[in-house]
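Single-structure report; data block below.
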Amino acid sequence: MFVDQTSLLLALGFASLALSTTLLVTWLAARKDLFILSWAAGAGVLVMAFASFSINAVSNSFALLWVSNLLLTGSFVILLGAAYLFIDRRLPKARMAVIGTASASAISIPFLLGFDALGAMMGNLTNAAILGTTAWKFWQGRSEAPLWVTGISALYSFAALSFIPCAIMIYVKGPLVLDAPPSGWAEDLNSIAGLVGVTGIGALSLALNQARVARRHQEEANTDSLTGLLNRRAIFERFGAAALGSNTAALLFDLDHFKSVNDQHGHAAGDEALRRFAHVVRQHMPEGAAAARIGGEEFLLVIKEIDQNRALFIAEAIKSGFACEILQGSKGGFRATVSAGLSTGDEDGAGSFDDILRRADDALYQAKNEGRNRVTSAAHDRAELG
């Protein structure tokens, strides 16, 4: 044994306690993300597991070794659940129940039959499997933050692999009953891997969570709260300084007689009309397009890599789709319509976003004057088509 096992277990316990406390404080500050609370709970159970193993290192209690293994495996099951919550944003309760029950049974049955060595070996193999599954879960979600999530996945993998030598050494030493708590180079390596894993995963997890919170705040700042589309500031930041060529189209929509909708059917119906129109836009907008609510009842759809005829077809589809929607107001069901103006960038690619938007606004004004519930192309675009 090249290091003191008890000291390593104590270090692991204190590291887990610090991580659990930090995560709990982080969660209490917002009380929004359950995966943080799950991480905190998992780290808290780790503290109990390492404390139990430390006591058992000097007491050599059959029952305490059993409890220690159950606590350690239970903590890893909780951390796996936290990984599901973080990556998938939901907890597969039935799957986690099966994993927890199977893990507890794999450890408990040998202990209850008096084969504590077999129980400890099964505990190590179970831990390796659970940690490996957690590593794989994070690897599946690496697109969110490739560097940090890959680092977490690697640390979980390292911790998972460190349990395998422990199981092998118990099997090699035999028999099925221990005469002393498992100890040796394999357990020391496992403890070191655990210490690296706890501190590294804790640091990366906190950084990853902060990055997600910052990204969420940015999304909220750029999103219209009623419709879920981009807001005016966001779409102007995206295209305001860009030079737009003829393969970029701007579709400007305005709900017809919207003030009358509010007056006759109530403001709740007006809000519902805006949400339903946003839903219709999402249904018909091509991949890569950007849609925003830029005013009270005014919406903008910017589509790149599209010709004028295709853009006109999409605008007509949105107009017709919204006209088919049955809305509910204080006087019952009703329908609403929308007018649209279409414009594209300049052929030489030198046109500004303000230019294309101004032409779309002129076309929208013309659609309103011609009777509403129609799509009109800007004179610039009609000339090019002609």
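The values are calculated or read from the model by the stated rules, or taken from the named source; none is laboratory data. What you are looking at is a predicted structure, and each value in this text was computed from that prediction instead of being measured. Neighbour counts are summed over all protein chains in view; Cβ atoms, including those assigned to glycine, are modelled from backbone coordinates with ideal geometry.
Any idea which of 310, 358, 276, 335 is assigned by TED's automatic domain parsing to the domain that holds residue 375 and under 19 Å from residue 231 (Cβ atoms)?
Testing whether each residue is assigned by TED's automatic domain parsing to the domain that holds residue 375 and under 19 Å from residue 231 (Cβ atoms) leaves just 276.
Take the conditions touching a Pro at 6+ places or on another chain (Cβ under 7 Å) and assigned to a helix (DSSP H, G or I) and apply them to residue 169. Does it pass?
No: the conditions fail for residue 169.
So how many residues does region 324-352 have that are aliphatic (A, V, I, L, M), more than 22 Å from residue 232 (Cβ to Cβ) and under 35 Å from the mean Cα position of the chain (by Cα)?
Number of matching residues: 2.
Could you tell me whether residue 278 is buried (at least 17 other Cβ atoms within 10 Å of the Cβ), in contact with a Phe, Trp or Tyr (Cβ under 9 Å, 6 or more places away or on another chain) and under 19 Å from residue 345 (Cβ atoms)?
It is false that residue 278 is buried (at least 17 other Cβ atoms within 10 Å of the Cβ), in contact with a Phe, Trp or Tyr (Cβ under 9 Å, 6 or more places away or on another chain) and under 19 Å from residue 345 (Cβ atoms).
How many residues does region 159-182 hold that are more than 17 Å from residue 66 (Cβ to Cβ) and surrounded by fewer than 20 Cβ atoms within 10 Å (Cβ to Cβ)?
Result for region 159-182: 10.
May I ask you to list the residues in region 253-274 that are touching a Leu at 6+ places or on another chain (Cβ under 7 Å) and surrounded by fewer than 15 Cβ atoms within 10 Å (Cβ to Cβ)?
271
I'd like to know if region 326-341 contains one or more residues that are surrounded by fewer than 21 Cβ atoms within 10 Å (Cβ to Cβ) and under 13 Å from residue 255 (Cα atoms).
Within region 326-341, one or more residues are surrounded by fewer than 21 Cβ atoms within 10 Å (Cβ to Cβ) and under 13 Å from residue 255 (Cα atoms).
Condition test on residue 279, is it modelled with pLDDT under 90 and either within 20 Å of residue 242 (Cβ to Cβ) or out of contact with any strand residue (DSSP E or B) (no Cβ under 6 Å at 6 or more places or on another chain) (or both)?
No.
Can you report the number of residues in region 281-296 which are buried (at least 21 other Cβ atoms within 10 Å of the Cβ) and touching a Gly at 6+ places or on another chain (Cβ under 8 Å)?
0
Any chance region 117-124 includes a residue that's modelled with pLDDT under 95 and either within 23 Å of residue 36 (Cα to Cα) or of a type in the set (Ser, Thr, Tyr) (or both)?
No: region 117-124 contains no residue that is modelled with pLDDT under 95 and either within 23 Å of residue 36 (Cα to Cα) or of a type in the set (Ser, Thr, Tyr) (or both).
Select from region 80-99 the residues that are among the aliphatic types (A, V, I, L, M) and in contact with an Asp or Glu (Cβ under 9 Å, 6 or more places away or on another chain) and write down the one among them that is surrounded by the most Cβ atoms within 10 Å (Cβ to Cβ).
Within region 80-99, the match that is surrounded by the most Cβ atoms within 10 Å (Cβ to Cβ) is 85.
Could you tell me whether region 185-206 includes any residue that is in contact with a Gly (Cβ under 8 Å, 6 or more places away or on another chain) and surrounded by 18 or more Cβ atoms within 10 Å (Cβ to Cβ)?
Within region 185-206, one or more residues are in contact with a Gly (Cβ under 8 Å, 6 or more places away or on another chain) and surrounded by 18 or more Cβ atoms within 10 Å (Cβ to Cβ).
Aliphatic (A, V, I, L, M) and under 19 Å from the mean Cα position of the chain (by Cα): does that describe residue 252?
no
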